[in-house]
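Only one structure is covered here, and it is reproduced in the block below.
Just so it is clear, none of the values below were taken in a lab; they were calculated from the coordinates. Keep in mind that what you see is a predicted model, and the values were worked out from it rather than measured. Don't worry about glycine lacking a Cβ; one is built from the backbone with ideal geometry, like all the others, and counts go over all protein chains shown.
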Amino acid sequence: MSKKILICDDAPTALKLMEMVLADEGYEIHKAENAEQAMILIDQKGPFDGGVYDVNMPGKNGIELTKDTLAHANGKNMKILIVSTESSDHLRQAGKEAGVKAWIVKPFEDEDLIEVLGKILV
């Protein structure tokens with residue numbers, strides 16, 4: 001059975017790119033454009049195996065979304081990967097404290113996304 005992944009990014013191009021790359025690897029993909037949509041999907045379509053979240057989004061950011069995700073019954077076992085243009089040590093530390101398992105800086109190579117997600121989902 002394929003692993004269920006929730007992608008949350010407010011940039012439609014980034015969402016589509018990550019969906020194509022991960023769907024080609026056999027993942028079942030669900031997409032959200034903001035944290036509110038992501039939490040609705042977790043509530044209605046969960047549980048998910050993993051999440052790929054952007055940091056900079058309107059409303060709640062990816063780190064706040066990680067905290068909300070892991071506090072939800074359908075999200076508590078999700079492995080979260082942040083994919084962001086942000087790379088500061090401060091944000092990475094905040095992400096780690098929130099429960100983020102890995103961080104990739106945009107722009108990234110498709111292979112990096114596949115490899116890092118694969119590692120945290122085992």
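If you go through the range 15-38 and keep only what is in a helix (DSSP H, G or I), within 20 Å of Lys76 (Cα to Cα) and in contact with a strand residue (DSSP E or B) (Cβ under 8 Å, 6 or more places away or on another chain), you end up with Ala35, Gln37, Ala38.
Just give me the residues in the range 47-60 being within 25 Å of Glu115 (Cβ to Cβ) and either in a loop (DSSP other than H, G, I, E, B) or of a type in the set (Phe, Trp, Tyr) (or both), in sequence order.
Filtering the range 47-60 down to residues within 25 Å of Glu115 (Cβ to Cβ) leaves 47-57.
Pro47, Phe48, Asp49, Tyr53, Asp54, Val55, Asn56, Met57, listed by residue number.
Given the condition in contact (Cβ under 8 Å) with a residue 60 or more places away in the chain and in a loop (DSSP other than H, G, I, E, B), answer yes or no: does some residue in the range 5-14 qualify? Walk me through how you get there before you give the answer.
To start, the set of residues in the range 5-14 that are in contact (Cβ under 8 Å) with a residue 60 or more places away in the chain comprises 5-6, 9, 14.
Next cut, in a loop (DSSP other than H, G, I, E, B) only: 9.
The answer is yes; a qualifying residue exists.
Taken over the range 61-82, residues that are in a helix (DSSP H, G or I) and among the aliphatic types (A, V, I, L, M) amount to 4.
Considering (1) closer than 15 Å to Leu15 by Cα; (2) out of contact with any Phe, Trp or Tyr (no Cβ under 9 Å at 6 or more places or on another chain); (3) surrounded by 16 or more Cβ atoms within 10 Å (Cβ to Cβ), the lone condition that Pro107 does not fulfil carries the number (3).
Scanning the range 83-101 for residues that are within 15 Å of Asp68 (Cα to Cα) and in a helix (DSSP H, G or I) yields Ala94, Gly95, Lys96, Glu97, Ala98.
Only one entry in Gly46, Gly26 is among the small types (Gly, Ala, Ser), touching a His at 6+ places or on another chain (Cβ under 9 Å) and over 24 Å from Thr85 (Cα atoms), namely Gly46.
For the range 68-79, the condition holds for no residue, the condition being that it is within 15 Å of Met18 (Cα to Cα) and surrounded by 19 or more Cβ atoms within 10 Å (Cβ to Cβ). For Ile114, state whether it is assigned to a helix (DSSP H, G or I), β-branched (Val, Ile, Thr) and either touching a residue at least 24 places away in the same chain (Cβ under 8 Å) or over 22 Å from Glu19 (Cβ atoms) (or both). Here the answer is yes, as Ile114 does meet what is asked. Looking at Leu81, Leu91 in this structure, which one is among the hydrophobic types (A, V, I, L, M, F, W, C), in contact (Cβ under 8 Å) with a residue 24 or more places away in the chain and out of contact with any Lys or Arg (no Cβ under 8 Å at 6 or more places or on another chain)? The conditions single out Leu91. Do we have Gly95 as out of contact with any Ser or Thr (no Cβ under 6 Å at 6 or more places or on another chain) and surrounded by 18 or more Cβ atoms within 10 Å (Cβ to Cβ) here? Yes, satisfied.
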